[in-house]
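To start, the structure under review is shown below, and the notes come after it.
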Amino acid sequence: MTLILGIETSCDETSVSIVADGHKVLSNVVSSQIAKHAVFGGVVPELAAREHVTAIIPVTNQALKDSKLTIKDIEAVAVTNGPGLMPALLVGLTFARGICFNRHIPLVGINHFIAHIYGAFLNENISVLSNIKAYPILALVVSGGHTALVLIDKDRTARIVGTTIDDAAGEALDKGAKILNLGYPGGPIIDKLSKMGNHQAFHFPRSLTGAAGKPLSEENLFNFSFSGLKTSLLHHLDKYGINNLKDTLLFDTVASYQYAVVDVLCMKTIKAALKFKCNSVVLCGGVAQNSLLRTELERRIPKIKFLLTEREYCGDNGAMIAGLGFHYLGKKENNIEVDAYSRLPEISEVPFVPSL
Ligand code: KG4
Ligand code: ZN
């Protein structure tokens with residue numbers, strides 16, 4: 001059994017997890033800083049870094065305690081080294097380096113974006129990866145920082161076939177909630193309030209779907225755009241007045257707004273899955289916790305295996321980092337000097353696809 005400690009500090013969650021053999025999650029502790037950032041209406045990078053500094057040792061101790069292990073049992077450390085907020089990433093990375101230096105064990109740098117996809121394959125879902133019939137796999141990665149469609153083939157290659165040209169889906173929900181003074185982060189609040197509203201009450205735009213009668217260019221077939229949605233919410237607000245947007249009118253507004261986001265995500269994912277003849281579709285990332293998206297995508301997917309990431313592993317978590325770390329051991333340079341990076345590099349290989 002290979003025991004890997006995974007550390008995640010790329011944004012506003014300090015998370016440490018211990019995963020055995022790349023998929024058995026023994027512990028997964030997440031300490032959220034949301035309340036600290038809420039007063040600023042978004043994540044403040046320096047504040048995030050300070051909070052990680054305070055939380056990282058207790059969170060690590062808790063993860064060890066939960067799994068009934070000690071640091072001496074850990075065989076390698078996997079840490080998110082990008083993309084993310086640089087000051088926040090550096091806390092996890094420096095802490096991970098300290099452990100590895102002290103314990104003489106390998107350090108593996110993990111790409112947060114790929115780790116979100118891997119989060120779908122933890123625990124029992126790991127068996128999908130070794131099933132040749134599951135490929136090609138299309139992953140819809142929806143988080144606060146990313147919205148992308150990733151095509152994974154059985155030859156270990158992955159390519160982004162669609163991405164957002166402006167805001168991410170989570171960002172659209174967060175910004176929408178901010179405009180409506182609903183609090184931060186907006187995704188879960190909109191999710192909750194939408195359940196009380198009628199999603200057909202108002203029409204918000206579905207950009208880059210050809211819905212407005214504008215022909216869609218080939219390059220944007222699977223791309224997303226959510227910034228127009230935000231603008232149309234501002235127009236909606238002008239029309240009705242912020243003070244009138246309460247009760248039914250507010251619930252109908254958020255339900256219609258959320259539905260516009262979910263509708264576009266479903267339309268594009270299904271279109272891409274059919275075009276690339278995919279045998280599986282994966283939903284992952286923080287926004288994958290959205291109740292409507294979870295049910296709606298599953299309902300609309302035509303006879304394709306649908307892999308829904310367990311809620312616990314949708315948002316930022318150490319388990320997806322530790323799990324993915326297993327697949328790099330002995331393959332990638334395991335180096336204590338691994339560096340941090342803030343932006344998503346081009347993806348060409350997914351180490352977790354086994355030889356089939
Ligand atoms: O993956 P994640 O935890 O962090 C990033 O890597 O960005 O995703 C955070 C995003 C935020 O935009 C948050 O509003 C959204 O996930 N989110 C949700 C829900 N829970 C979190 N969006 C919609 N419905 C939810 N229930
Ligand atoms: Zn994330």
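The values are calculated or read from the model by the stated rules, or taken from the named source; none is laboratory data. Predicted model, so just to flag it, every value in this text is computed and none were measured. Positions of Cβ are generated from backbone atoms using ideal geometry, with glycine treated the same way; all protein chains shown enter the neighbour counts.
Some notes on this structure:
- For first residues located in the range 133-144 and under 27 Å from Asp166 (Cα atoms), partners that are part of a loop (DSSP other than H, G, I, E, B) and within 13 Å of ligand 1 (Cβ to nearest atom) and lie 6+ apart or on another chain with Cβ distances below 6 Å form the pairs Val141/Gly285; Val142/Gly285; Ser143/Gly285.
- Every test in (1) on the phi > 0 side of the Ramachandran plot; (2) of a type outside the set (Phe, Trp, Tyr); (3) at pLDDT 95 or above is passed by Gly82 save one, and that test is (3).
- Condition met for Lys305 (of a type in the set (D, E, K, R) and over 30 Å from Asn61 (Cα atoms)): yes
- The range 290-339: number of residues that are part of a helix (DSSP H, G or I) and in contact with a strand residue (DSSP E or B) (Cβ under 8 Å, 6 or more places away or on another chain): 16
- Members of the range 1-16 that are closer than 25 Å to Val353 by Cβ and assigned to a strand (DSSP E or B): Leu3, Ile4, Leu5, Gly6, Ile7, Glu8, Ser15
- Residues in the range 226-241 that are touching a helix residue (DSSP H, G or I) at 6+ places or on another chain (Cβ under 9 Å) and not charged (D, E, K, R): Phe226, Ser227, Leu229, Ser232, Leu233, Leu234, His236, Leu237, Tyr240.
- Cβ-Cβ under 7 Å pairs, at least 6 apart or on other chains, the range 278-290 side within 20 Å of Ala134 (Cβ to Cβ) and within 15 Å of ligand 2 (Cβ to nearest atom), far side of a type in the set (Gly, Ala, Ser) and at pLDDT below 95: Gly285/Ser143
- For the range 237-286, taking the residues that are of a type in the set (Ser, Thr, Tyr) and part of a helix (DSSP H, G or I), the one that is nearest to Glu171 (Cα to Cα) is identified as Tyr257.
- Close Cβ contacts (under 6 Å, 6 or more residues apart or on different chains) running from residues in the range 328-348 that are farther than 17 Å from Ile114 by Cβ to residues that are at pLDDT below 80 and aliphatic (A, V, I, L, M) are absent.
- Flag if Ala139 is aliphatic (A, V, I, L, M), more than 21 Å from the chain's Cα centre (by Cα) and closer than 16 Å to Leu307 by Cβ: no
- Helices (runs of 4 or more DSSP H) lying entirely in the range 17-128 (those with 2 or more residues that are crowded, with 21+ Cβ neighbours inside 10 Å and touching a helix residue (DSSP H, G or I) at 6+ places or on another chain (Cβ under 6 Å)): 45-66, 86-103, 112-118
- Restricting attention to the range 1-47, the residues that are over 23 Å from Ala177 (Cα atoms), charged (D, E, K, R) and within 15 Å of ligand 1 (Cβ to nearest atom) add up to 1.
- Note on the range 18-56: residues that are in contact (Cβ under 8 Å) with a residue 24 or more places away in the chain, within 16 Å of ligand 2 (Cβ to nearest atom) and in contact with an Asp or Glu (Cβ under 8 Å, 6 or more places away or on another chain) amount to 8.
- Residue match in the range 160-173 (condition: more than 12 Å from ligand 1 (Cβ to nearest atom) and buried (at least 19 other Cβ atoms within 10 Å of the Cβ)): yes
- Output for the range 59-108, where each listed residue is away from ligand 2 (no atom under 16 Å from the Cβ) and small (Gly, Ala, Ser): Ala63, Ser67, Ala76, Ala96, Gly98
- Considering each residue of the range 187-199 in turn, none proves to be in a loop (DSSP other than H, G, I, E, B) and of a type in the set (Asp, Glu).
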